[in-house]
1. Antiparallel versus total DSSP beta bridges in the chain: what percent is that, nearest 5?
2. Pairing the Cα long axis of helix 39-49 with the longest principal axis of the chain, what angle in degrees results, from 0 to 90 and rounded to the nearest 10?
3. Would you mind listing how long the chain runs along its three principal axes, going by Cα atoms, in whole Å with the largest first?
4. Excluding same-chain residues fewer than 8 positions from Lys176, which aspartates and glutamates have a Cα within less than 13 Å of its Cα?
5. Lys and Arg at +1, Asp and Glu at -1: add these up for the other residues within a Cβ distance under 10 Å of Leu227 and post the number.
6. Leaving out ligands, DNA and RNA, what percent of the accessible area of segment 37-136 is carbon and sulfur, probe 1.4 Å?
7. Got a number for carbon plus sulfur as a percent of segment 202-334's accessible area, 1.4 Å probe?
8. Counting Lys +1, Arg +1, Asp -1, Glu -1, what net charge surrounds Pro282 among other residues with beta carbon under 10 Å of its beta carbon?
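The values are calculated or read from the model by the stated rules, or taken from the named source; none is laboratory data. Everything quoted here is computed from the prediction, not taken from an experiment. So basically every Cβ, Gly included, is an ideal-geometry build from the backbone, and we count neighbours across all protein chains shown. Just so you know, the surface numbers come from the protein's heavy atoms only, side chains and all, with ligands and any DNA or RNA stripped out. Shrake-Rupley method; radii C 1.70, N 1.55, O 1.52, S 1.80 Å.
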Amino acid sequence: MVVLSQPVLDNFSTIKTCKFPTSSFYCGIPVIDLLDRDAKTHIVKACQEFGFFKLVNHGVPLEFITGLEAEATKFFNLSQMEKEKAGKANPFGYGNKRIGSNGDVGWVEYLLLNTNPDDIHQKKITIPGDAEKFWSLVNDYMSAVRNLACEVLEMIADGLKIEPRYALSRLVRDEKSDTFFRLNHYPPCPELQALCGRNLIGFGEHTDPQIISVLRSNNTSGLQISLRDGTWVSVPPDQYSFFFNVGDSLQVMTNGRFRSVRHRVVADGVKSRVSMIYLGGPPLTEKIAPLPSLMEQGEESLYKEFTWSEYKKSAYNTRLGDNRLAFFEKSAGQ
């Protein structure tokens, strides 16, 4: 066991200790059954009120989920020297504690992957052990989750009466889609609670810049979302379901009807947490603006038009907790 000194701990953000008993979980998280005939209505309502929901009966094969988690756990259990053979996350590869290039840190290590297996950066990532099995599971999982994300986006289009119904999903299906996949590992940190009775922030509060995010984690707590009034609540873990986040780009394309959800992860004092996040983004040249078919007569855009490349560059030059859309919001009269 590695014993952490106080100076080391000072480099990480903390919050007051929370033991996460079942009774402390927020019970208001929308749970949507994909097989429900009214699912599209429930999804739209959840995106408007929370920017977040849990999806059950999603149809992604359980063996895809458990198989990839097992391989991810095997990778993160390797020695530090072996993990670093994957190459630094620049932009894709293995990262440890540092999140981005602007000083953000968290109690997390991760693999950041491109969803395009032919990407030149992807080919430089070395996975120790049975690499062929690892990449096969990654590709099977990402393909299934991409299809799920696109199905949800088309249900959103139906619910909002956006035409054509593939106006959103086409951006994720595009072969030039700038979509990422993260495997995150939050090691337990009992030393912190022993030293100062506080929990480490594994991944600091932020919104996702992309269109939509699809999250799956093991049965360890830690994910928290911010409600409209700014209250942070703990999301009950569910290893068999998927959680969906509205991203900044979808907030803009719906002209603020949906709100991208602020969320964070708190490291557990005892148990390891592994999460897998599909971050569905548009092509770099895609112009991001409210969808014309959604705008009512006389409705003005709340945002300046920008390309995904412009927004991505701006977002990645900020700190995690910054309001990344502020620069692109229109002031009165613009």
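1. That works out to approximately 90 percent antiparallel.
2. 80 degrees
3. 63, 43, 39
4. Asp118, Asp119, Glu286
5. Once all neighbours under 10 Å are counted, the net charge is 0.
6. 50 percent
7. With neighbouring chains kept in place, the figure for segment 202-334 is 49 percent.
8. Summing Lys and Arg as +1 and Asp and Glu as -1 gives +1.
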